[in-house]
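FYI, it's all coordinate maths here, none of it is from the lab. The structure presented is a predicted model; accordingly, all values stated were derived computationally and were not measured. Quick reminder, even Gly has a Cβ in these numbers, built from the backbone with ideal geometry, and neighbours come from all protein chains shown.
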Amino acid sequence: MLSLRNIQKSFGNHHVLCGIDLEVAKGEMVCLIGASGSGKSTLLRAVNLLDPVDDGEIWFDGVDIAEPGLDPQPIRQRIGLVFQSFNLFPHMSAAENVMLAPRRVKGLSRAAQRGRVEELFERFGLAHRIDHYPDQLSGGQQQRVAIIRALAMQPDILLFDEITSALDPELVAEVLDVLRSLRAEGMTMILATHEMGFARELADKVCFLESGRILEEGTPAQIFDAPREERTRQFLSQVL
Amino acid sequence: MTKADENPAMPGRRAQYEAALRRRSLWVAGVSTSLVFLAILVLVPLAPGWEAVKKSFFNWGVFSKTFPGLLDAFLLDIAIFAWCAPLIALLGLFVAICRDIQKPALYPLRLFATVYTDVFRGLPVILVIYLVGFGIPGLGLPRPWNSPYIWGSLALILVYAAYVAEVIRSGIGSIHKSQSSAALSLGLSNADTMRYVILPQALRNVLPANMNLVVALQKDVALLSFVGPVEIFRQAGVYKSLYASFTPYVGAALIFLAITIPMTRFADHLMNKRRKQEQ
């Protein structure tokens, strides 16, 4: 479904992605692990076309979306991105946050969406918070609203950029539960994450990034129990 | 457990100390203020020209005769203000958006907006009012298009919209980039991102700054008197000649203050509220 080939990306003199190759099949959950600054976030933002790549190919559903000059809008509608800092729109209620993009992009009226949106809030335990504003919600609740906002566009694939890193420890579980539920229904997902337990439990594939390269990839068992690379072993011993 | 917890009626040591401090500051402030006022009351009448100034500026007879007429004339100030303000808001918003346009085809708009804000922020208001207010009617336009009301107002609109545009642009710049990232990542267009995500937040952020411009506009309406409209300042001038007294100017000043001081307080209130929210 998604195939990255030799992705290159620099910010000024800083070479952030140095030839990433990655295959993601439909319904797969891929976890990107690695130290801060290893390129995980940049890679996700590149796939969503927020930070276009300098070179390489991103094949998505038979189209190379890394093609310079391609209109990013229709692609982004199909590739959702959830941010570490939630990035909810503070001047809109939770429901308005969720309904804005479907309303403007797909032309669905508020009335036409309301039922479906209420279902999503219900499903993720937020029915009583649907008309609250972001500053009235806890971090965990805000992040769940942000996930619902991305889901409401019915994307083919969802990208999660360290979505639990800004949360208090006791709020992490409620957000991971949402991911668990999406995993169960077969959503294709790529996560940049520091939640090693979660990656081990649910990922189909784990990639260890180091200095803009995928140093090692494999099943959770291969990466966590029998890493081949010394650097991977070192990193895991620090975070586990 | 502290003492205060055991017995809520008994303030703690810190509270007692602070209450004493407050009483003392209040007393010092009261005494020093009274002394200053006393000095003014005693010293000003000692000035050699005081009798003449009192007669000319604070003549109760002239004041009571001219005040109603001044109030009437002030309605015109309010009317000019009322039709200028919305047009300023619209033009300012338009120019602010033009200055950030990226599309090459619309580059002329961007260039125009940049030159426009540079020019009109760089000129004294009164000069623009003279040039536009006398210049355009001088083209020999037919009635009602030679009216100084229209062209004087246009001058105010042009100048203030340039300031409003800059304020709004700074508001747009103050919205964190993560907000547009979030909007774009959902597939929203650049225009929708600006309209639904960036602008509503930016305009709310700069509301206090714009309120200050509203107060300034209310005062600068008086400058239109130089190109014709008999608003309060000009009316006060007419009364001055009629009664050979400067008292009407004092009356006009009081009327302005009655409007602008509450507006200024309100702007400050908004500013403080904003600051608290940001903390």
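Below, the figures for the structure above:
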{"item": "Average Cα contact separation per residue, segment A:47-96, under 8 Å, 6 or more apart, as relative contact order %", "result": "32 percent"}
{"item": "Per principal axis, descending, Cα span of chain A in whole Å", "result": "54, 43, 32"}
{"item": "Cα centre as origin, Lys/Arg/Asp/Glu Cβ charges: chain B dipole, Debye", "result": "540 debye"}
{"item": "Among B:Leu91, B:Ala20, B:Leu154 - extreme Cα towards positive end, dipole of chain B, charges at beta-carbon", "result": "B:Ala20"}
{"item": "Label-point gap, in nm, between A:Ser165 and A:Gln234 - each point 7 angstrom along Cα→Cβ", "result": "2.0 nm"}
{"item": "Expected 222 nm ellipticity per residue - DSSP helices of 4 or more, -39500 (n - 2.57), all of chain B, to 500", "result": "-25500 deg cm²/dmol"}
{"item": "Pairwise label distance in nanometres, B:Lys55 with B:Ala258, each label 7 Å out on the Cα-Cβ vector", "result": "2.9 nm"}
{"item": "222 nm mean residue ellipticity, helices alone, for chain A (DSSP H n ≥ 4; -39,500 (n - 2.57); rounded to 500)", "result": "-11500 deg cm²/dmol"}
{"item": "Per-residue average of Cβ from other chains inside 10 Å of B:186-194", "result": "6"}
{"item": "Gained length - B:Ile126 relative to B:Ser174, 0.36 nm times residue gap less alpha-carbon distance", "result": "14.1 nm"}
{"item": "Approximate shape of the protein assembly as shown as ellipsoid semi-axes (Cα gyration tensor, √5λ), whole Å, largest first", "result": "62, 34, 20"}
{"item": "4 °C / 1.567 mPa s Stokes-Einstein diffusion coefficient of segment A:1-114, Kirkwood radius on C-alpha pairs, µm²/s", "result": "81 µm²/s"}
{"item": "Positive-end residue, the protein assembly as shown charge dipole about Cα centroid, Cβ charges, pick of A:Gln234, A:Leu49, B:Leu109", "result": "B:Leu109"}
{"item": "Simple Cβ-charge dipole of chain A, Lys/Arg +1 and Asp/Glu -1, about Cα centre, in debye nearest 20", "result": "580 debye"}
{"item": "Cα shape, chain B, gyration tensor, a/c 1.5 rule", "result": "oblate"}
{"item": "Average other protein chain Cβ within 10 Å of Cβ, residues A:126-138", "result": "0"}
{"item": "Average projected area [Cα convex hull, segment B:19-111], square nanometres", "result": "14.8 nm²"}
{"item": "Cut-off under 5 Å, modelled amide H: who pairs with A:Gln84 long-range", "result": "A:Asp161"}
{"item": "DSSP bridge pairs, the protein assembly as shown: antiparallel proportion in percent, nearest 5", "result": "55 percent"}
{"item": "Degrees separating the helix A:230-239 axis from the principal Cα axis of chain A, which is the longest one", "result": "40 degrees"}
{"item": "Rounded tilt (10° steps) of A:94-106 against the dominant C-alpha axis of chain A", "result": "80 degrees"}
{"item": "Length-normalised contact order of segment B:121-208 in % [C-alpha pairs under 8 Å, at least 6 apart]", "result": "26 percent"}
{"item": "10 Å Cβ neighbours from other chains, averaged over peptide A:149-160", "result": "1"}
{"item": "Kyte-Doolittle mean at least -0.5 and Cα axial length at least 30 Å: DSSP H helices in chain B", "result": "B:13-43, B:60-99, B:148-174, B:247-278"}
{"item": "Charged-residue dipole, Cβ positions (Lys, Arg, Asp, Glu), segment A:95-216 about Cα centre, Debye nearest 20", "result": "640 debye"}
{"item": "Computed lengthening from B:Arg23 to B:Leu90, 0.36 nm per intervening residue step minus Cα-Cα distance", "result": "19.0 nm"}
{"item": "Taking segment A:1-46 and dividing mean pair separation by its residue count, relative contact order in percent (alpha carbons under 8 Å, at least six apart)", "result": "33 percent"}
{"item": "Cα long-axis angle, helix A:169-184 against chain A (0 to 90 degrees, to the nearest 10)", "result": "90 degrees"}
